[in-house]
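The values are calculated or read from the model by the stated rules, or taken from the named source; none is laboratory data. Computed from a predicted structure; not experimentally measured. All Cβ positions, glycine included, derive from the backbone under ideal geometry; neighbour counts span all protein chains shown.
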Amino acid sequence: MIIELRNAGCSFDSEMEKAVFYHAEEVGRRRVDLIVEGCVLVELKAISELDPYSSNQVINCLKVFDMEVGLLLNFGRPSLEYKRFVN
């Protein structure tokens, strides 16, 4: 995916991580696979079937990274499976 984004001339950041706070205390960290053009969060999977956990992960990351649009891409099926999320 990174090679294709680079070849297309898209800007992106990979393996981005951000702290999660509760009452000003860090309680964990969230990591996202890609942020494309600074405005689309992309989570990559290679699993046989998308599950609610994967969807919840994208929704949670959208909130933590304060982003509006997220994509969940699953390469684990015979053809690409994807879902779009809006925060």
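Here are the numbers for this structure:
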| item | result |
| --- | --- |
| Number of the exception - SER48 against (1) surrounded by 15 or more Cβ atoms within 10 Å (Cβ to Cβ); (2) outside any strand (DSSP E or B); (3) touching a Gly at 6+ places or on another chain (Cβ under 7 Å) | (1) |
| ARG6 being surrounded by 11 or more Cβ atoms within 10 Å (Cβ to Cβ), free of Cβ contacts under 8 Å to residues at least 60 places away in the same chain, of a type in the set (Lys, Arg) and under 20 Å from ASN87 (Cα atoms) | no |
| Residue, surrounded by the fewest Cβ atoms within 10 Å (Cβ to Cβ), within segment 9-22, restricted to residues that are at pLDDT 95 or above and out of contact with any Lys or Arg (no Cβ under 9 Å at 6 or more places or on another chain) | GLY9 |
| One residue from VAL32, VAL27 being farther than 17 Å from TYR82 by Cβ, touching a strand residue (DSSP E or B) at 6+ places or on another chain (Cβ under 7 Å) and of a type in the set (Val, Ile, Thr) | VAL27 |
| Residue in segment 66-87 that is surrounded by the most Cβ atoms within 10 Å (Cβ to Cβ), counting only those that are under 18 Å from CYS10 (Cβ atoms) and not aliphatic (A, V, I, L, M) | GLY70 |
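For (1) closer than 16 Å to ILE2 by Cβ; (2) of a type in the set (A, V, I, L, M, F, W, C), each residue gets a yes or a no:
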residue	(1), (2)
GLU26	no, no
CYS39	no, yes
VAL42	yes, yes
GLN57	no, no
MET67	no, yes
PRO78	no, no
ASN87	no, no
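A quick yes/no check of all residues on (1) of a type in the set (Phe, Trp, Tyr); (2) in a strand (DSSP E or B); (3) within 11 Å of the chain's Cα centre (by Cα):
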| site | (1), (2), (3) |
| --- | --- |
| GLU26 | no, yes, no |
| ARG29 | no, yes, no |
| LEU44 | no, yes, yes |
| TYR53 | yes, no, no |
| ASN60 | no, no, yes |
| MET67 | no, no, yes |
| LEU73 | no, yes, yes |
| PRO78 | no, no, no |
